[in-house]
Amino acid sequence: MSTLSLFLNAEPAHAAAEAHAASSNPVDSIIQLFGSFGVDGPHLLAQLINFSILAFVLYRFAIKPALGQLEERIRQAEQLQSDRASAEQKLADARKHAEQLLTKASDEAAKLLTDARNSAKQTVEGAKAEASAAQAEIARKGAEAIEADRRKMMNEVRGEVSRLVVETAAKVLEQNLDDAQRVRLNEAATKQLASR
């Protein structure tokens with residue numbers, strides 16, 4: 001039967017139900033109303049049992065596993081969030097540690113550079129001092145060598161001058177001087193030249 005025919009057939013029943021409702025209790029009138037729509041007790045009970053079985057099967061095999069998977073995914077998401085927070089904390093700690101190491105290395109490099117500059121400066125100053133000392137030593141040795149050469153030359157000149165003086169004196173005196181007289185005259189001339 002179509003729904004329209006049910007409504008058409010239900011109208012006289014509805015009028016009868018209204019007339020009957022006025023005379024009976026309200027529960028009977030509700031049962032009659034449902035009966036006029038084709039709902040009766042045995043069918044309603046069968047539908048309730050079918051619905052309960054369907055609800056149990058859906059809950060057991062569809063809803064409960066879906067809820068379990070949902071809870072598992074929620075747990076995994078929470079685990080991922082905690083892992084992410086942990087990783088971010090480790091990354092931040094690693095960055096701080098790296099910055100500390102870089103700062104420490106930079107400080108050590110600056111200290112080494114300063115030490116190297118100071119050492120180089122001291123080495124240069126030491127080399128300058130050594131060069132000055134070597135220069136002074138060379139100048140002193142040069143002066144000593146010049147003085148020694150001057151003395152040697154002066155002694156040679158004195159000897160030559162005394163020999164010339166003796167020879168000149170011998171020619172002037174026209175005498176033949178013996179060796180003893182020559183030595184005496186040489187010594188006298190040398191003494192006179194030394195005093196000047």
Could you list all residues from region 18-37 that are surrounded by 11 or more Cβ atoms within 10 Å (Cβ to Cβ) and modelled with pLDDT of 80 or more? Asp28, Ser29, Ile30, Ile31, Gln32, Leu33, Phe34, Gly35, Ser36, Phe37
Between a first residue in region 43-61 that is part of a helix (DSSP H, G or I) and a second residue that is not small (Gly, Ala, Ser), which pairs have beta carbons less than 8 Å apart while being 6 or more apart in sequence or on different chains? Leu44/Phe34
Checking the condition within 30 Å of Ala194 (Cα to Cα), surrounded by 10 or more Cβ atoms within 10 Å (Cβ to Cβ) and small (Gly, Ala, Ser), which residue from Ala148, Ala105, Ala98 passes? Ala148
Would you confirm, using the coordinates I've provided, whether Thr123 is modelled with pLDDT under 85, polar (S, T, N, Q) and either part of a helix (DSSP H, G or I) or surrounded by fewer than 10 Cβ atoms within 10 Å (Cβ to Cβ) (or both)? no
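The values are calculated or read from the model by the stated rules, or taken from the named source; none is laboratory data. Predicted, not measured: the structure shown is a model, and the values here were computed from it. Note: ideal-geometry Cβ built from the backbone for every residue, glycine included; neighbour counts use all protein chains shown.
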